[in-house]
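Notes for the one structure printed next.
The values are calculated or read from the model by the stated rules, or taken from the named source; none is laboratory data. Because the structure is predicted, anything quoted here is derived from the model rather than measured. Ideal geometry is used to build each Cβ from the backbone, glycine not excepted, and the neighbour counts take in all protein chains shown. Just so you know, the surface numbers come from the protein's heavy atoms only, side chains and all, with ligands and any DNA or RNA stripped out. Shrake-Rupley method; radii C 1.70, N 1.55, O 1.52, S 1.80 Å.
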Amino acid sequence: RDGLLFVGGFRHPPNVDAALWLADEILPRIRERRPEITLSLVGSEAPPEIAGLAERPGIRVLGFVPDLEPVIDSHRFSVAPLRYGAGVKGKINQALAHGLPVVATRCAVEGMGLTHGIDALVADDAQGLAEAILAAYDDGALWQRLVDGGLANTEREFSPERARTTLRSIFNQLR
């Protein structure tokens, strides 16, 4: 596994903003110290400013990928530097459910029950995100702890059993 992965449909403005911030402010800080670390951008309907990022060293714009699992399984970290938006983020749940550790902003992990250093790495500025990635990239023990924590979080918070329990509770209140 190597490199960083960003996933998000580019019709959604928060994803465009996050991908540009990642390419402009976060990745250069990482590649300054680790030029071999690359970034893959996955998502449909990439506007010209996103498609153009493929011209930069270390950035691949993959566009729409019909089967995301092989892409997830080949990367070291998923990065979700969302600066605005609301709700549970599918990109984070999908990565965690597949054992791919996530580095994200507080906005991106909002409402997901994730704890920095346990099941994700969380920072809110470019330097903090870059430092988190650099510190964890080659730390096998931390990487595995994040994998295990992310899988446990997904099971605890978003499993079918959790959904059944929540729905039963709601329906019982309606009686």
Exercise for review: State whether one or more residues within segment 135-158 are in a helix (DSSP H, G or I), within 19 Å of TRP21 (Cβ to Cβ) and in contact (Cβ under 8 Å) with a residue 24 or more places away in the chain.
Suggested key: no
Point to revise | Those residues of segment 10-29 which are within 17 Å of ALA104 (Cβ to Cβ), open to solvent by 20 Å² or more (accessible area, probe 1.4 Å) and not aliphatic (A, V, I, L, M), in sequence order | key: HIS12, ASP17, TRP21, GLU25, ARG29
Review point. In segment 77-87, which residues are touching a residue at least 60 places away in the same chain (Cβ under 8 Å) and open to solvent by 70 Å² or more (accessible area, probe 1.4 Å)?
Key: ARG83, TYR84
Study note, to complete from the structure: Within segment 41-54, residues outside any strand (DSSP E or B), open to solvent by less than 50 Å² (accessible area, probe 1.4 Å) and either in contact (Cβ under 8 Å) with a residue 24 or more places away in the chain or basic (Lys, Arg) (or both) come out as GLY43, SER44, ALA46, PRO47, ILE50, LEU53
Study note, to complete from the structure: Taking segment 55-76 and the residues there that are of a type in the set (A, V, I, L, M) and assigned to a strand (DSSP E or B), the one that is least open to solvent (accessible area, probe 1.4 Å) would be ILE59
Revision key, fill the gap. (1) open to solvent by less than 10 Å² (accessible area, probe 1.4 Å); (2) part of a loop (DSSP other than H, G, I, E, B); (3) not hydrophobic (A, V, I, L, M, F, W, C) all hold for ASP124 apart from (1)
Review point. Is it the case that some residue within segment 30-40 is closer than 24 Å to ALA120 by Cβ, outside any loop (DSSP other than H, G, I, E, B), open to solvent by less than 40 Å² (accessible area, probe 1.4 Å) and touching a His at 6+ places or on another chain (Cβ under 8 Å)?
Key: yes
